[in-house]
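The values are calculated or read from the model by the stated rules, or taken from the named source; none is laboratory data. Computed from a predicted model, the values in this text were never measured in an experiment. Here Cβ is always computed from backbone atoms with ideal geometry, including for glycine, and neighbour counts include all displayed protein chains.
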Amino acid sequence: MKKLLTTLLATLTLTACNSGGGYNHNQNNPQGNNYSEVAAKSAVATTSAAATSSGKIVYQYSYDEHTSTALSLSSNYDDLIVSNYIAGAMLGHLVRLHVPGIAINRDHLYGSLFAHLLQENNNTADYQASNQLIEADATTIMLPGQGGPYQLNSWDKANYNVWAWDSKTQQSIVNYFGLVNVVALQKGLAPYTVQDDLVNENTRIDKYPTAANLDNKYYAPMAAAYWHYQNLGEIEKLNPAGSTFDMTACEKNLQSGSVSDKDNILDLILNASYNSGAATRNDGTTPVEAYIQACQTNNSQLIENSLTNNTLNSVDYLQQAGITSESSNVGGVGFPFYGNYARQLRLTVDEINGDSNVNPFPAGVSAVNEVLTLDLIKTVFVNQMQTLAYVNNNGAYVNIQASDATNAITAAIASADTNGQNTFTLTNSNDRQVFFNILDAAINNLENTLSQNGTNPNFKDFSATTQTDIQ
């Protein structure tokens with residue numbers, strides 16, 4: 001998956017539809033979802049003047065020249081950050097459904113989608129919280145084969161290296177799928193269909209403009225979460241049990257309880273695969289393979305001293321990490337991007353966490369101060385979940401209702417140990433864990449509501465997929 005390097009041009013207009021039930025695809029509401037948007041603008045303003053987001057978050061960091069791009073945090077970006085963290089929590093939820101009992105480093109995985117956005121979208125700094133668009137000047141990134149601000153270039157193709165997983169039977173399903181096959185996403189990708197997906201895959205020609213919702217601040221992070229979840233299946237299939245680079249063995253290690261949080265590098269594996277692919281290149285060990293091998297052997301010394309080291313230059317990092325593929329090294333088409341990509345994203349997340357990890361931050365990088373309120377978290381969760389869809393007990397394919405999402409997040413907040421706090425700072429580890437607990441509980445609550453605690457025959461969980469266009 002290659003990062004778009006061109007300048008983003010022209011405009012795209014997207015407005016929220018605030019009407020009642022039913023499905024209505026129209027020009028004013030390109031995503032075709034009927035939902036009532038809670039007033040996110042006023043929610044952003046609830047972050048008090050005494051505790052507001054601040055600091056320059058560094059991304060696209062060069063480990064050789066010590067240069068970077070920076071975004072000056074303010075309350076303007078808070079809702080976008082929350083929507084990406086909610087999507088990160090959904091990614092964690094999906095991974096747990098797929099690999100029961102797997103340990104997840106929430107600090108890194110939940111924050112990785114916002115880091116992904118910064119890395120891939122050059123104009124994120126221009127985002128305005130009053131707009132539902134992530135990138136208002138988005139013509140180039142919405143062309144066929146682009147995939148929006150997250151550069152989900154393969155959004156319109158069935159992935160024949162991925163198998164669907166039935167979490168109830170714990171068995172793989174023969175059919176393969178792409179984003180349009182995800183029940184939660186299909187409605188939001190309209191008018192694109194499963195049939196279009198198959199035609200596009202067979203012709204291998206990118207002819208469909210990127211779906212409008214892939215630039216929506218609520219929907220797009222969720223699409224990115226599902227993309228990474230599906231890609232985990234590809235990583236597993238291309239690095240199977242018994243192979244030199246064994247993703248199953250890595251997952252078993254992460255299930256065993258023997259891997260410490262600081263040595264959990266699932267985020268590095270997923271993000272490296274997004275950038276340079278999951279498959280062997282036959283020219284040496286790729287970044288994904290190096291990370292998988294460190295995970296499957298639980299090589300904590302390699303992970304802590306090399307793989308998560310932010311002070312190594314590109315060449316030293318490749319050498320110490322054991323990344324030998326020609327494409328990743330000096331003179332290769334992917335140098336220095338392939339080797340650095342995943343650790344660049346983790347560095348961005350560590351700035352938000354205020355965590356220098358095992359090694360100190362590199363030159364020119366420091367922690368930032370990201371401040372969130374419970375009101376904002378609740379507002380974004382309700383807005384975001386309404387962009388997803390499911391099949392209800394009556395067999396109707398509908399968007400998630402605001403009332404269900406509100407009840408889910410309200411119950412999650414009530415059950416969390418907030419100690420009466422309304423404001424949370426992500427550099428504070430305790431605040432961060434409470435925030436994550438709220439997100440995990442809210443997603444679980446909502447899933448249980450939609451499944452009617454397992455009695456809805458049409459909805460098992462958020463991993464549901466389909467091989468047809470749902471009517």
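The table for this structure:
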item	result
Some residue of region 146-161 being under 23 Å from residue 240 (Cβ atoms), in contact with a Phe, Trp or Tyr (Cβ under 7 Å, 6 or more places away or on another chain), modelled with pLDDT under 90 and of a type outside the set (Phe, Trp, Tyr)	yes
Flag if residue 423 is over 30 Å from residue 212 (Cα atoms), over 21 Å from the mean Cα position of the chain (by Cα) and touching a residue at least 60 places away in the same chain (Cβ under 8 Å)	yes
Residue in region 318-333 that is nearest to residue 260 (Cα to Cα), counting only those that are buried (at least 22 other Cβ atoms within 10 Å of the Cβ) and of a type outside the set (Val, Ile, Thr)	321
Residue 391, sole failed condition from (1) within 30 Å of residue 448 (Cα to Cα); (2) in contact with a Leu (Cβ under 8 Å, 6 or more places away or on another chain); (3) among the β-branched types (Val, Ile, Thr)	(2)
Set 52, 46: member being of a type outside the set (D, E, K, R), touching a Ser or Thr at 6+ places or on another chain (Cβ under 6 Å), modelled with pLDDT of 50 or more and surrounded by fewer than 19 Cβ atoms within 10 Å (Cβ to Cβ)	52
Count - residues of region 271-304 that are in contact with a Gly (Cβ under 9 Å, 6 or more places away or on another chain) and of a type in the set (Asp, Glu)	2
Count of region 90-112 residues which are under 18 Å from residue 233 (Cα atoms) and either hydroxyl-bearing (Ser, Thr, Tyr) or part of a helix (DSSP H, G or I) (or both)	10
Options 431, 404; residue that is in contact with a Ser or Thr (Cβ under 6 Å, 6 or more places away or on another chain) and closer than 29 Å to residue 180 by Cα	404
Pick from region 60-107, criterion within 17 Å of the chain's Cα centre (by Cα) and among the small types (Gly, Ala, Ser), ranking: surrounded by the fewest Cβ atoms within 10 Å (Cβ to Cβ)	92
So residue 386, is it out of contact with any Pro (no Cβ under 7 Å at 6 or more places or on another chain) and closer than 23 Å to residue 61 by Cα	no
Condition met for residue 438 (part of a helix (DSSP H, G or I), under 18 Å from residue 222 (Cβ atoms) and in contact with a helix residue (DSSP H, G or I) (Cβ under 7 Å, 6 or more places away or on another chain))	yes
Selection status of residue 351, within 25 Å of residue 300 (Cα to Cα), crowded, with 24+ Cβ neighbours inside 10 Å, within 21 Å of the chain's Cα centre (by Cα) and acidic (Asp, Glu)	yes
Residue that is surrounded by fewer than 18 Cβ atoms within 10 Å (Cβ to Cβ), outside any helix (DSSP H, G or I) and not hydroxyl-bearing (Ser, Thr, Tyr), where the choices are 452, 433	452
Enumeration of residues in region 300-317 that are crowded, with 18+ Cβ neighbours inside 10 Å, touching a Pro at 6+ places or on another chain (Cβ under 9 Å) and part of a helix (DSSP H, G or I)	314, 317
From 371, 358, 380, residue being hydrophobic (A, V, I, L, M, F, W, C) and at pLDDT below 95	358
Of all residues in region 240-282 being in a loop (DSSP other than H, G, I, E, B) and without any contact (Cβ under 8 Å) to a residue 40 or more places away in the chain, the one that is surrounded by the most Cβ atoms within 10 Å (Cβ to Cβ)	243
Criterion (of a type in the set (Lys, Arg) and part of a helix (DSSP H, G or I)) met by exactly one of 207, 237	237
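Yes/no per residue for (1) at pLDDT 95 or above; (2) under 28 Å from residue 81 (Cα atoms):
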| position | (1), (2) |
| --- | --- |
| 249 | yes, no |
| 252 | yes, no |
| 262 | no, yes |
| 266 | yes, yes |
| 274 | yes, yes |
| 290 | yes, no |
| 296 | yes, no |
| 302 | yes, no |
